[in-house]
Each structure stands twice: as C-alpha cells, then as structure tokens.
Amino acid sequence: MNHQLVLATESQYKKNILKRLQIDFLADAPKIDETPLQGESARALTERLAMTKAAVVALRHPDTIIISTDQSASVFGEMLDKPEDETEALNMLKILSGRQVSFFTTVGFAAPGEPIKIHTEEVVVTIRHLEDAEILRYVAKDQPLECAGSFKVESLGISLFYAVESRDPTALEGLPLIRVCQWLRDHGFKIP
C-alpha cells in the first residue's frame, strides 16, 4: 500500500531529483538550525541533520513516508562552507583547484511505525587544475552560491571535474536515488 510521500526540503534541486521517479510527493521544509557542532565532521553533520529533518517533518505528517537529505563537503578533513556570494565562491574554487573533495550525502527515511533509517554516500570528486579565468567564467555563468564545493554538478559544474568516484551518481546532486528507490520499493511503491 502506497503512503503519501513528503520530501523534507525546500531545495528545488532536490525536488527535481525526486521528480525523476515520477511519484507524487509534497515538499515540506523542516526549517532547523544547520550549524555544525564543535568538532563535528562533515559526515556526522549530514547524518545528524538528515535524521533531524526526517524526525521534524514526520511529526507534522505522521501517516506519510518522509525522505530527508543533507550534504556537506570536506577537504583534508576540514568541512567546506557553502559560499554566500561570488567572492566566496571564487575563493573556494581557487582552493579546490587540483584537489580531491569528499562529499557526504545522507538520506533519511521515516515510515509510520518504524524507526528512521539513514544512509550516507561518499562521493570523491577530483577537481581539475583550474585557471583563474575559468573560475571567473564558471562563477559568472552558473552562480554556484549556497552549493557545497561552489559548483552545480547538474549544470556547468561538471566541466570543472577531472574524475568522480561514486556508487550512486545522484548522491553528488544531493539525493541518493539508488537507496531511495530500494526503500520505496520495500514500502510498496512501484519503481519503475
């Protein structure tokens, strides 16, 4: 039996990813404090936030299935901030040029009467050596603000990459659909 499905986000990018499954869903943003805790790793942050988002939205929609997600990135174990303006985006891409970046995307899944499940995918992206002119053109064209790593993989950001290592390519976009599909099938959804 299919339950109503709620995606715990206001992100249009994440809504577009879930739309690929051609399943009706509502979106309801949990509006929680996403500030990292002192000493919290990028992975631990995404796991805590995905769990919290699922729990908050499940309280508002107790008879539905909730999908939550969170993503963060780190270089050499240091968490990357999401740039708020073009200058921050330019500086971040200069720092990331020629380096490997680990992205952690955690998906949460809350179903009525069951404990919340979470799953984390790590995606390792190797950024090409970027010239300043490339970085300037990219930021001007794609405006990668509020994006982990200062790029949009679903857009021109892929042009900055040398390589991507992942078990689920949608994880880098912000919602690991391979795991989501498995959980939804386990709950009666017909995919495809």
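The values are calculated or read from the model by the stated rules, or taken from the named source; none is laboratory data. Small disclaimer: the values here were computed from a predicted structure and weren't measured. Using ideal geometry, Cβ is built from the backbone for each residue, glycine included, and neighbour counts are taken over all protein chains shown.
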Cross-chain or 6+ apart pairs with Cβ under 7 Å, region 27-45 first and under 21 Å from Val124 (Cα atoms), then crowded, with 16+ Cβ neighbours inside 10 Å and of a type in the set (Val, Ile, Thr): Arg43/Thr120
Residue that is assigned to a loop (DSSP other than H, G, I, E, B), acidic (Asp, Glu), more than 18 Å from the chain's Cα centre (by Cα) and at negative phi, where the choices are Asp63, Asp81: Asp63
Region 46-61, subset of a type outside the set (A, V, I, L, M) and surrounded by fewer than 22 Cβ atoms within 10 Å (Cβ to Cβ), residue farthest from Ile32 (Cα to Cα): His61
Counted residues, region 36-60 - those being among the basic types (Lys, Arg) and either closer than 30 Å to Ile135 by Cα or over 19 Å from the mean Cα position of the chain (by Cα) (or both): 2
Top-ranked residue of region 163-182 - restricted to ones that are of a type outside the set (D, E, K, R) and crowded, with 19+ Cβ neighbours inside 10 Å, ranked as nearest to Leu5 (Cα to Cα): Val180
Qualifying positions in region 62-78 - among the hydrophobic types (A, V, I, L, M, F, W, C) and surrounded by fewer than 19 Cβ atoms within 10 Å (Cβ to Cβ): Val75, Phe76
Residues located in region 89-126, provided they are among the aromatic types (Phe, Trp, Tyr) and over 18 Å from Pro62 (Cα atoms): Phe103, Phe104
Condition check for Leu5: of a type in the set (A, V, I, L, M, F, W, C), more than 25 Å from Ser102 (Cβ to Cβ), surrounded by 12 or more Cβ atoms within 10 Å (Cβ to Cβ) and touching a strand residue (DSSP E or B) at 6+ places or on another chain (Cβ under 9 Å): yes
Failed criterion for Leu18 (all others in (1) under 16 Å from the mean Cα position of the chain (by Cα); (2) surrounded by fewer than 18 Cβ atoms within 10 Å (Cβ to Cβ); (3) modelled with pLDDT of 95 or more hold): (2)
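Residues are listed down the side, and each one gets a yes or a no for (1) buried (at least 16 other Cβ atoms within 10 Å of the Cβ); (2) of a type outside the set (Asp, Glu):
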residue: Lys94; (1), (2): no, yes
residue: Arg99; (1), (2): no, yes
residue: Ile116; (1), (2): yes, yes
residue: Thr120; (1), (2): yes, yes
residue: Tyr138; (1), (2): yes, yes
residue: Asp142; (1), (2): yes, no
residue: Glu146; (1), (2): no, no
residue: Phe161; (1), (2): no, yes
Any chance Thr106 is at pLDDT 95 or above and surrounded by fewer than 22 Cβ atoms within 10 Å (Cβ to Cβ): no
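So that you can scan it fast, the table gives a plain yes or no per residue for (1) more than 17 Å from Arg179 (Cβ to Cβ); (2) of a type outside the set (Phe, Trp, Tyr); (3) in a helix (DSSP H, G or I):
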position: Leu18; (1), (2), (3): no, yes, yes
position: Gly39; (1), (2), (3): yes, yes, no
position: Leu45; (1), (2), (3): yes, yes, yes
position: Lys53; (1), (2), (3): no, yes, yes
position: Asp70; (1), (2), (3): no, yes, no
